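Trainee: Okay, handing you the structure first.
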Amino acid sequence: MNNVLAIGAHPDDVEFGCAGTLAKHIKEGDHVTVLHMTCSDRMNIFHEIIDRKEVRKKEAEKAAKIIGADLIILDFLDQLVPFDRDSIFAIERVIKELNVDIIYTNWSDDSHQDHINTLKSVLAAGRNVDKIFLYEQVPYPRVGKIFSEVNYYVDISEFYNIKERSVLAHKSQIIERYQKRMLVGIRSLAEFRGSQCNCQFAEAFDAVKQIIR
C-alpha cells in the first residue's frame, strides 16, 4: 500500500488535475490524502470578496468524499501562498505524519503565483519522497505554457465519472463563474491524453522524480 498526497494551492486544483488518478489509487488499496494550501475568502482587485471560505470548505469536503480521500486544509491565504519556511515546514509535517510515498502537485509552468509557490514549497518539503508528479492545469483563460512535456500517463477511463463529479462539487467555481467552460476543458484534455495512450480518458503528468527501490 502506498500513502499518496495530492497537494493543491486552492480547493479544486487537485480535482481538476488528478482526481481520476487518485480514485484509481484508492481502488488499488492506497491511502489518499488531499491537501489544500488555502481555503480562505478570495478577493478581486477591488478587494471585494468573490468567494466565501465557508462555501469553498464545504465544496472541498464534498469533493474529497466523492474521491474517497482524506482532507487537510492549511491556513494560508488565497493569492498569498508563500514560498518560505512556513509553507515548507507545513507541508513537510504532513509528509512525515502520513509517511508519504507519492506526491501529486501543481504544474510547473502555470502563471498563478499560488500555484508556483506551492510547487516550490512541495519540492523543498518533499526532497525525501521517492515519487513526485506534477498535474496539468486545465485549459482556460490564463497565459501559461502549452502542456507538451508530459512523460507519465494514467488511464482513468474507469474513473472519469468520479473526476467529473468531484469537479462539479466545486459549484461556485464551475457553474457560477465559468458556465461549465471548465468541464469542457477537463473532458477535452482527458480525451486528448487518452488518445495519446490508446484509452478513452487519461491524466498526464510531468514525473519530476521517480526512485524505484
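Trainee: State all residues of segment 125-165 that are at pLDDT 95 or above and among the polar types (S, T, N, Q); if no residue qualifies, say none.
Mentor: ASN128, SER157, ASN161 - these are the residues of segment 125-165 that are at pLDDT 95 or above and among the polar types (S, T, N, Q).
Trainee: If you don't mind, there's one more thing I want to ask. Restricting segment 106-124 to residues that are of a type outside the set (A, V, I, L, M) and at pLDDT 95 or above, which is surrounded by the fewest Cβ atoms within 10 Å (Cβ to Cβ)?
Mentor: The residue in question is LYS120.
Trainee: Which residues, counting only those in segment 38-92, are over 19 Å from the mean Cα position of the chain (by Cα) and modelled with pLDDT of 90 or more?
Mentor: Residues satisfying the conditions are ASP84, ARG85, ASP86, PHE89.
Trainee: Is there a residue in segment 103-116 that is in contact with a Ser or Thr (Cβ under 8 Å, 6 or more places away or on another chain), over 21 Å from ARG193 (Cβ atoms) and not in a helix (DSSP H, G or I)?
Mentor: Checked segment 103-116: no residue is in contact with a Ser or Thr (Cβ under 8 Å, 6 or more places away or on another chain), over 21 Å from ARG193 (Cβ atoms) and not in a helix (DSSP H, G or I).
Trainee: Right, next: Is at least one residue of segment 124-141 polar (S, T, N, Q) and without any contact (Cβ under 8 Å) to a residue 60 or more places away in the chain?
Mentor: There is at least one residue in segment 124-141 that is polar (S, T, N, Q) and without any contact (Cβ under 8 Å) to a residue 60 or more places away in the chain.
Trainee: So which residues in segment 49-100 are over 16 Å from ASP12 (Cβ atoms) and part of a loop (DSSP other than H, G, I, E, B), if there are any at all?
Mentor: GLY68, LEU77, LEU80, PRO82, PHE83, ASP84, ASN99, VAL100
The values are calculated or read from the model by the stated rules, or taken from the named source; none is laboratory data. Quick caveat: nothing in here was measured; it's all calculated off a predicted structure. FYI the Cβ positions are ideal-geometry reconstructions off the backbone, even for glycines, and counts take in every protein chain you see.
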